[in-house]
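The block underneath contains the structure these notes are about, expressed in structure tokens.
The values are calculated or read from the model by the stated rules, or taken from the named source; none is laboratory data. For clarity, every value in this text was computed on a predicted model and none was experimentally measured. Reconstructed Cβ throughout: ideal geometry from the backbone, glycine too, with neighbour counts over all protein chains shown. The area values use the complete protein model at the heavy-atom level, side chains included, leaving out ligands, DNA and RNA. Shrake-Rupley method; radii C 1.70, N 1.55, O 1.52, S 1.80 Å.
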Amino acid sequence: MLLLAAAFLVAFVLLLYMVSPLISPKPLALPGAHVVVTGGSSGIGKCIAIECYKQGAFITLVARNEVRLLESHSVTQVVLCISVDVSQDYNQVENVIKQAQEKLGPVDMLVNCAGMAMSGKFEDLEVSTFERLMSINYLGSVYPSRAVITTMKERRVGRIVFVSSQAGQLGLFGFTAYSASKFAIRGLAEALQMEVKPYNVYITVAYPPDTDTPGFAEENRTKPLETRLISETTSVCKPEQVAKQIVKDAIQGNFNSSLGSDGYMLSALTCGMAPVTSITEGLQQVVTMGLFRTIALFYLGSFDSIVRRCMMQREKSEIADKTA
């Protein structure tokens, strides 16, 4: 009986692998494609632009400050750099996208990478910080996407990438403003994917871990002790590594893009009602959910322990200062 059950399971898994390619989207060919990258002046965004460029795409780089891109690479494709703040004025963003399309053709892939992180205790953060992060991280992804979606639907082809964060899957100490803005991207992406899937347009949400970028270095300058200690439980990734994974998943039309074992576990744990691009992916999430939830409870326990220790140390220091 057990042998029969094992044989059935093996046959079922093999069938899934055979059927999966039939329901997966056709990969997007990057050679000659027009890729728009926002927030591409440095860090992950710049590395994504370089990766797409290496694969033969024409690049429009949108950033608040114009920069020289791909200066160490021989120029065989057109690279267009445009300076605009994608979080402030939708009409301005729309005009910029129109200019880019007039020069390089319709946008085949949009990568929303503009964003920033600020950390601090909830009661210490200015209200303006919540407004600013929601504007940059959320509306800064809404505006460019809104500007390209109609053309993508008309052409029946397109990819839109939203760069969130692992802090957009898990709320952490010090990230009450940042996590909220990154969680919002997930809701936008899920709803938008349901709208555009019939038009052969696919959404990818990337959840990169801590990455060695100028933004991450700036963020570390003001991180609360608790946040820093929690962050140190995982390693810091290289932006080139993160960029390659994001581009790979976007080309394939995968809804989720994660990196490493922690990223894989978080994506399975937080999949909820998120779309999948293969039956195999859904099966893996179902099978691993219980195990990963058990592991996550240990992680959460260790994070709570870090927060408690920091609180106790702070209280001891305050008592010592008062008695000194």
Applying the selection to segment 141-153, what residues are among the β-branched types (Val, Ile, Thr) and either open to solvent by less than 60 Å² (accessible area, probe 1.4 Å) or in contact (Cβ under 8 Å) with a residue 40 or more places away in the chain (or both)? 142, 148, 149, 151
Every listed condition ((1) β-branched (Val, Ile, Thr); (2) closer than 20 Å to residue 247 by Cβ; (3) surrounded by 14 or more Cβ atoms within 10 Å (Cβ to Cβ); (4) at pLDDT below 95) holds for residue 37 save (4)
Is it the case, given these coordinates, that residue 84 is modelled with pLDDT under 95 and among the β-branched types (Val, Ile, Thr)? yes
Of everything in segment 270-280, what is free of Cβ contacts under 8 Å to residues at least 60 places away in the same chain and buried (at least 17 other Cβ atoms within 10 Å of the Cβ)? Give them in sequence order. 271, 276
Considering only residues that are hydrophobic (A, V, I, L, M, F, W, C) and open to solvent by less than 10 Å² (accessible area, probe 1.4 Å), look in segment 40-53 and name the one that is nearest to residue 80 (Cα to Cα). 49
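Residue-wise test of (1) closer than 24 Å to residue 160 by Cα; (2) at pLDDT 95 or above.
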{"residue": "207", "(1), (2)": "yes, yes"}
{"residue": "210", "(1), (2)": "yes, no"}
{"residue": "214", "(1), (2)": "no, no"}
{"residue": "236", "(1), (2)": "no, no"}
{"residue": "246", "(1), (2)": "yes, yes"}
{"residue": "275", "(1), (2)": "yes, no"}
{"residue": "280", "(1), (2)": "yes, no"}
Take the residues of segment 209-226 that are assigned to a helix (DSSP H, G or I) and within 20 Å of the chain's Cα centre (by Cα): which is nearest to residue 119 (Cα to Cα)? 219
Top-ranked residue in segment 197-228 [being aliphatic (A, V, I, L, M) and crowded, with 17+ Cβ neighbours inside 10 Å; ranked as farthest from residue 243 (Cα to Cα)]: 201
Of all residues being closer than 27 Å to residue 243 by Cβ and free of Cβ contacts under 8 Å to residues at least 24 places away in the same chain in segment 99-140, which is surrounded by the most Cβ atoms within 10 Å (Cβ to Cβ)? Just the residue, please. 132
